[in-house]
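Data first, discussion second: the structure below is written as structure tokens.
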Amino acid sequence: MLDIRIEAVESDLNKNTPFCLSGQGMPDATEYDETEATIKLLEAIAESDDKTTWGDIQEFIDEYNRVKFNRRRLNQLLKRYDFDTPNYSQGLDWYP
């Protein structure tokens with residue numbers, strides 16, 4: 001689950017979709033939390049073999065994404081989101 005907090009509303013007439021300017025990551029997350037999630041993800045990748053599946057590594061990616069705010073990825077998702085069709089079950093598919 002992804003929690004989104006709106007910190008400011010900025011007017012930019014050249015943009016036709018919402019976009020994120022910055023982010024601080026998960027509330028109360030420390031640099032230690034981010035480093036630990038990064039190391040666990042890298043270890044999972046380094047220890048993978050031919051039998052390792054995407055699903056085996058996905059939990060480490062999920063944890064990393066919870067701790068580390070990925071502004072570029074969020075903006076990609078917002079750009080693809082269909083705001084003209086109010087389908088709230090559409091959600092933001094964080095993973096391609």
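Under 7 Å by Cβ, and 6 or more places apart or on different chains, what pairs join a residue from the stretch 23-51 that is over 20 Å from E7 (Cβ atoms) and modelled with pLDDT of 80 or more with one that is among the β-branched types (V, I, T) and surrounded by 12 or more Cβ atoms within 10 Å (Cβ to Cβ)?
From residues that are over 20 Å from E7 (Cβ atoms) and modelled with pLDDT of 80 or more, the pairs are D33/V67; A37/V67; L41/I61; A44/I57; I45/I57; S48/I57.
Taking the residues in the stretch 52-80 that are modelled with pLDDT of 70 or more and in a loop (DSSP other than H, G, I, E, B) as candidates, determine which candidate is nearest to E31 (Cα to Cα).
K68
The values are calculated or read from the model by the stated rules, or taken from the named source; none is laboratory data. Computed from a predicted model, the values in this text were never measured in an experiment. Glycine gets a Cβ as well: all are built from the backbone with ideal geometry, and neighbour counts include every protein chain shown.
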